[in-house]
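Here's the structure we're looking at; comments come further down.
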Amino acid sequence: MATGQIFSKTTQALFYNYKQLPIQRMLDFDFLCGRETPSVAGIINPGSDGFQKLFFGQEEIAIPVHPTIEAACNAHPTADVFINFASFRSAAASSMSALKQPTIRVVAIIAEGVPESDTKQLISYARANNKVIIGPATVGGIQAGAFKIGDTAGTIDNIIQCKLYRPGSVGFVSKSGGMSNEMYNTIARVTDGIYEGIAIGGDVFPGSTLSDHILRFNNIPQVKMMVVLGELGGKDEYSLVEALKQGKVQKPVVAWVSGTCARLFKSEVQFGHAGAKSGGELESAQAKNQALKDAGAVVPTSYEALETAIKETFEKLVEDGKISPVTEITPPPIPEDLKTAIKSGKVRAPTHIISTISDDRGEEPCYAGVPMSTIIEQGYGVGDVISLLWFKRSLPRYCTQFIEMCIMLCADHGPCVSGAHNSIVTARAGKDLVSSLVSGLLTIGPRFGGAIDDAARYFKDAYDRNLTPYEFVEGMKKKGIRVPGIGHRIKSRDNRDKRVQLLQKYAHTHFPSVKYMEYAVQVETYTLSKANNLVLNVDGAIGSLFLDLLSGSGMFSKQEIDEIVEIGYLNGLFVLARSIGLIGHTFDQKRLKQPLYRHPWEDVLYTK
């Protein structure tokens, strides 16, 4: 491995398995360091493509999303770092795929629990092809002021406190990602800071070793001293011992191997990492610390003394003129996300949508304040749900049963009416359910199913103004307006609409008042004197009875009733009901596998 620097201020990475927070932290670090280009060139989300919106400082940017590793590498040939956030189940396969790409030079594997046999194969391939693996089970690495992997070094506040926004003189390598953050802070307190830091991961077989990175640091001119934090278990530290003995490392190395407390336990103890388990005296922290000291490393007497050892080593290098003072800079402030700022009470922002009928923020959705569990446990029906979502109150049971009756009676009126016909033709054209449904719904209007609101509006106005049926009908005639809710193409005085009769019977039995319906019947009596088919139709029945429901229930003010009629609530009932039938016709045609509909010539009058 050896060679030298693996990251720079122009390094770009491909991020596998989209995670918003780690990517945003990388971009915030870029901005902090004054990078001109984002360090994340592309995102790989298997099976997906498009873009993900993130922030680069104050600017919102779109980072391309690619479905495969190959596609991402082809699209971003200069991105040579692969950051793998896949789970342990797929981390090995995706990492091997990345290593085989000619443009990828460094692979960081974040996942813990990658099978050791898979890791060995990755290591073998990487060494044979002169590539670098960081991990598995790693938080990543960082080059101060240039580039960082994922969540390395934690929050922006920690990065600033550790002075990682600009390069220092210390190369640091550790097995532990968590302890890396602690050590970045320690090193920043007693030196000019980190130049590069790597957490190799705590697995038994890391993709790259402590000595691999120390030898690399030795070849980087900007790195003047190295700090190593090892741990008991394994023999990785002994490769560093050999390198020191052979004179391959010419710069001061301060080292400490954690786990000296293991001797206090009567039996062998497995510490946090998979590799942190002593397999004998040689793998103990004490033996490793002694071997490193004998090889020439600066090894303190305890972890508590490590900070002093780093400080003394650094000060000697400064005294010898090998380290020049670093010019301190003030990093730019990272703009705070609106969501975070609102939560902390720093800003207030207007909402874009107002909702008064439902709330999905708690443990369960609520309809007009009524929890979903209550709706189910108390046996609410569809009418009750409509009363909550449309009227924002629980109406009496006779009201909600009336609503359900309207829905049942208006669900369908055969295949010949315009709405059903449209849905049938659309379904037979091979269109999907939604397209077929919408095709039928778009026919609803003043001439088909949309007269309920107008019937209610005109009947209410006439009744409230004490117009006689004669004055009302003749007044509408003078205006050139047909009376909504009156008239039917098939039904007549001697062939009444059964639906109207059912609604009237229910209202007489359950409603406290039917004054509007009685007025509509008086109007019907007058219109029947003019023509046999000018009967009260289902639109007129529903419109007039809904007025009785609203006024008779005592739960609505006059202003609310006027608003309900004006907004179009009553036509909403027809739309909801007829959707059931239109969906049925769509399914019927598809089930019957009916071919494309073509209207017959003989049913068309061709004329000039």
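A Förster radius of 22 Å, combined with the Cβ-Cβ distance separating LEU389 from LEU442, puts the computed FRET efficiency at roughly 0.40.
Straight Cα distances below 22 angstrom link LYS515 to the lysines LYS460, LYS498, LYS505, LYS558, with same-chain residues fewer than 8 positions distant left out.
Only helical runs count toward this figure. For the chain, summing -39,500 (n - 2.57) over DSSP H runs of n ≥ 4 and dividing by all residues gives -13000 deg cm²/dmol at 222 nm. Accessible surface comparison of TRP601, TRP256, probe 1.4 Å, protein chains only, largest first: the order is TRP601, TRP256. In terms of accessible area, using a 1.4 Å probe and ignoring ligands and nucleic acids, PHE459, PHE314 rank largest first as PHE314, PHE459. Sequentially through segment 476-483, phi angles give Karplus couplings (6.51, -1.76, 1.60; θ = phi - 60°) of 5, 5, 5, 7, x, 10, 6, 6 Hz, Gly and Pro residues having no value and appearing as x.
The phi torsions of segment 334-341, fed into the Karplus equation with coefficients 6.51, -1.76 and 1.60 and a -60° offset, translate into couplings of 7, x, 7, 4, 4, 4, 5, 5 Hz, rounded to whole numbers, with Gly and Pro shown as x.
Over segment 11-318, what is the relative contact order in percent, taking alpha-carbon pairs closer than 8 angstrom and at least six residues apart?
Numbers: 689 pairs, mean separation 39.2, N = 308.
It comes to 13 percent, rounded to a whole number.
A DSSP coil position with no more than 15 other Cβ atoms inside 10 Å describes the following trypsin sites (Lys or Arg not before Pro) in segment 291-366: LYS322, LYS346, ARG348, ARG361. Distant-in-sequence amide contacts of VAL227, defined by a placed amide H-H separation under 5 Å and a gap of 5 or more residues or a different chain, comprise GLY171, PHE172, VAL173, VAL254.
What is the gain in length, in nm to one decimal, between ARG598 and GLN378 on full extension, counting 0.36 nm per residue of separation less the C-alpha to C-alpha distance?
Details: separation 220, 0.36 × 220 = 79.20 nm, distance 5.02 nm.
74.2 nm is the gain from fully extending ARG598 to GLN378.
Using a 7 Å offset from the Cα along the Cα-to-Cβ direction at both GLN290 and LYS608, what is the distance between the two label points in nm, to one decimal? Placing both labels 7 Å along Cα→Cβ, they lie 11.7 nm apart.
Taking 1 over the mean of 1/r across every pair of different Cα atoms in segment 110-180, what Kirkwood radius in Å do you get?
Values: mean 1/r = 0.0728 Å⁻¹.
The answer is 13.7 Å.
Look at the alpha carbon pairs under 8 Å that are at least 6 residues apart: their mean separation over the length of segment 410-590 gives a relative contact order of 37 percent. Scaled against the 2.2 N^0.38 Å expected of a compact globular protein of N residues, the Cα radius of gyration of the chain reads 1.54.
When the accessible area of segment 548-608 is split by element with a 1.4 Å probe, what percent falls to carbon and sulfur?
Working: 2420 of 4080 Å².
Reported share for carbon and sulfur atoms: 59 percent.
Could you tell me the relative contact order of the chain? Use alpha-carbon pairs under 8 Å, at least six residues apart, and round to a whole percent.
Working: 1077 pairs, mean separation 54.9, N = 608.
Once normalised by length, the contact order is 9 percent.
Restricting the GluC sites (Glu not before Pro) of segment 360-431 to loop positions (DSSP other than H, G, I, E, B) with no more than 10 neighbouring Cβ atoms within 10 Å leaves GLU363. Computed over Cα pairs, the Kirkwood radius of segment 410-590 leads via Stokes-Einstein (1.002 mPa s, 20 °C) to a diffusion coefficient of 125 µm² per second. For segment 411-424, what does the Karplus curve 6.51 cos²θ - 1.76 cosθ + 1.60, with θ = phi - 60°, yield as ³J(HN,Hα) per residue in whole Hz, taken in order and with x for Gly and Pro? Result, rounded to whole Hz: 4, 7, 9, x, x, 8, 5, 4, x, 5, 4, 4, 4, 5. Residues whose amide H falls under 5 Å from that of SER358, counting only those 5 or more places apart or on a different chain, are ALA368, with hydrogens built in the peptide plane. Looking at segment 11-318, the pairs of alpha carbons with a distance over 35 Å make up 18% of the total.
Less than 5 angstrom separates the built amide H of ILE61 from those of LEU54, PHE55, PHE56, all sequence-distant by 5 or more or on a different chain.
Surface exposure of the chain, expressed per residue as accessible area with a 1.4 Å probe, stands at 49 Å².
Were the residues from PHE51 through THR301 laid out at 0.36 nm apart, the gain over their Cα-Cα distance would be 84.7 nm. Of all DSSP beta bridges confined to segment 33-106, the antiparallel ones make up roughly 70%.
The values are calculated or read from the model by the stated rules, or taken from the named source; none is laboratory data. Since the model is a prediction, treat every value here as computed from it, not as a measurement. All Cβ positions, even for glycine, are placed from backbone atoms using ideal geometry, and neighbour counts span all protein chains on display. Side chains are part of the model used for accessible areas, which takes the heavy atoms of the whole protein and leaves out ligands, DNA and RNA. Shrake-Rupley method; radii C 1.70, N 1.55, O 1.52, S 1.80 Å.
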